[in-house]
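Peer 1: I'd like to ask you about the structure that follows.
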Amino acid sequence: MKYARKRVLVTGGAGFLGSHLCERLLADGHDVLCVDNFYTGSKDNIAHLIGNPYFELIRHDVTFPLYLEVDEIFNLACPASPVHYQRDPVQTTKTSVHGAINMLGLAKRINAKIFQASTSEVYGDPEVHPQTEDYRGSVNPIGPRACYDEGKRCAETLFFDYHRQHGLRIKVARIFNTYGPRMHPDDGRVVSNFIVQALEGRPITLYGDGSQTRSFCFVDDLIEGFIRLMNSADDITGPINLGNPQEMTIRELAEAVIKLTGAKSELVIKPLPADDPLQRQPNIAKAREKLGWEPKVALEDGLHRTIDYFRARLNA
Ligand code: NAD
Ligand code: UDP
Ligand code: UDP
């Protein structure tokens, strides 16, 4: 056991990141309460944890109040892929905003430390590159991505107001594109789309000409950043960028996936979605300095592990 045993609530714990976080917390010797309404998450992601006496699963929608007794809360509940969060945009805003209010109200009542999974999307289509935490962002408040971007911005506002007004201990992480095993195969995100398309020998769909950039972090690296931030001194509230600064074009990613899978897939051009950011790269100087954290897994290794996961899943 690495730390004293804590009771930790993970909202969105049956999702991609949440399931890895639950696993890590159990491995570190904690008691984990996983709350999820299974909107985008799945029981398959946590099936291997059921039966562990220190793991509890609660079906619950965070837009409704929740009464529990825990020491720490990781608030991850929210659909993360544009295809999912745009399917019911009103519910997306409710999840971010009402979900944050309820989890902050819970944290306040029981004096728990609380972590928010914020996002690089608070920077919108950025005019500052790479993005530092003091950049205030360029978000279209009425576009199709706004339910997510503005919902997450408002959640950050709530976190800092509960911190200032009620003295809550908060930890706000701005997460950049992350990939790895247990991404949803049809959630429309680029890494899962490209890998599944390649493994099925279908054409790879480049939106626009593929010259837009992203920076991809492997999930294990990100979870290490979550744990370090949660365990950091109380005056480290964030917001703090967590992501991999290695930036690439989406076309380069497609080529890497083709090479690593050995697929014969062609690249096909599809229209670029509205408000799709042209470039994105985290400046992680703050995470390096305050948390001693930086990503360790190279893209090729991370892609190999993700490809193996999807290959096993598609053959199952
Ligand atoms: P995911 O869709 O796999 O997981 C989200 C989980 O939240 C799912 O299990 C879903 O069922 C659950 N959920 C959604 N609405 C809920 C509600 N109202 N009540 C209870 N549970 C609800 O996505 P993910 O990639 O694991 O993302 C987790 C968090 O990290 C999200 O808050 C997301 O915004 C944030 N994030 C992720 C990335 C990334 O690249 N994966 C980047 C930035 C931010
Ligand atoms: N809340 C919750 N669990 C708790 C305490 C509060 O879900 O243990 C929710 C409840 O819905 C409340 C919200 O958190 O409305 C905000 O709580 P707060 O105490 O900040 O404000 P209130 O609305 O109670 O005045
Ligand atoms: N994208 C793509 N083909 C796909 C899915 C996504 O070219 O099949 C592009 C998308 O337009 C965006 C980038 O890949 O420029 C990352 O998309 P994703 O949905 O993964 O994340 P986000 O846009 O939220 O960063």
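Every number in this text was worked out from the coordinates using simple rules, so none of it is lab data. Computed from a predicted model, the values in this text were never measured in an experiment. Cβ placement follows ideal geometry from the backbone for every residue including glycine, while neighbour counts extend to all protein chains displayed.
Peer 1: Please return the longest stretch of the chain lacking exposed loop sites, where trypsin sites (Lys or Arg not before Pro) count only if DSSP places them in a loop and at most 14 other Cβ atoms lie within 10 Å.
Peer 2: The answer is 137-263.
Peer 1: Moving to a separate point now. Counting Lys +1, Arg +1, Asp -1, Glu -1, what net charge surrounds Val128 among other residues with beta carbon under 15 Å of its beta carbon?
Peer 2: Net charge around Val128: -2.
Peer 1: A further question follows. In a shell of Cβ-Cβ distance under 11 Å around Cys217, excluding Cys217 itself, what net charge do Lys and Arg (+1) and Asp and Glu (-1) give?
Peer 2: Net local charge, Cys217 excluded: -2.
Peer 1: Please give the FRET efficiency for Asn315 paired with His48, using the beta carbon to beta carbon distance and R0 = 25 Å, rounded to the nearest 0.05.
Peer 2: That pair, Asn315 with His48, gives E of 0.85.
Peer 1: Okay, next question. So between Lys264 and Arg24, what do we pick up on full extension, going 0.36 nm a residue minus the alpha carbon distance?
Peer 2: Going from the current span to full extension adds 82.7 nm.
Peer 1: Hey, another quick one. Based on Cβ point charges of +1 for Lys and Arg and -1 for Asp and Glu, what charge dipole magnitude is obtained for the stretch 244-316 about its Cα centre, in debye rounded to the nearest 20?
Peer 2: The dipole of the stretch 244-316 has a size of about 220 debye.
Peer 1: Going 7 Å from the Cα of Asp209 in the Cα-to-Cβ direction, what parts of the stretch 227-255 have a backbone nitrogen less than 18 Å from that spot?
Peer 2: 248-255
Peer 1: Report, to the nearest 10°, how far helix 89-110 tilts away from the longest principal axis of the Cα atoms in the chain, using its own Cα long axis and a range of 0 to 90°.
Peer 2: The answer is roughly 30 degrees.
Peer 1: Cut-off is 10 Å between beta-carbons; in what order do Ile240, Ile73 appear when sorted fewest neighbours first?
Peer 2: Going from least to most buried by this count: Ile240, Ile73.
Peer 1: Using the Karplus equation 6.51 cos²θ - 1.76 cosθ + 1.60 (θ = phi - 60°), what ³J(HN,Hα) coupling, rounded to whole Hz, does each residue of the stretch 183-197 give in order, writing x for Gly and Pro?
Peer 2: 5, 6, x, 10, 8, x, 6, 5, 5, 5, 4, 5, 5, 5, 4
Peer 1: Moving to a separate point now. Placing +1 at every Lys and Arg Cβ and -1 at every Asp and Glu Cβ, with all other atoms neutral, what dipole size does the chain have around its Cα centre, in debye to the nearest 20?
Peer 2: Using Cβ point charges on Lys, Arg, Asp and Glu, the chain gives about 480 debye.
Peer 1: Among Lys43/Lys94; Lys108/Lys171; Lys113/Lys286, which pairs are too far apart, with a Cα-Cα distance over 18 Å?
Peer 2: From Lys43/Lys94; Lys108/Lys171; Lys113/Lys286, over 18 Å: Lys43/Lys94; Lys113/Lys286.
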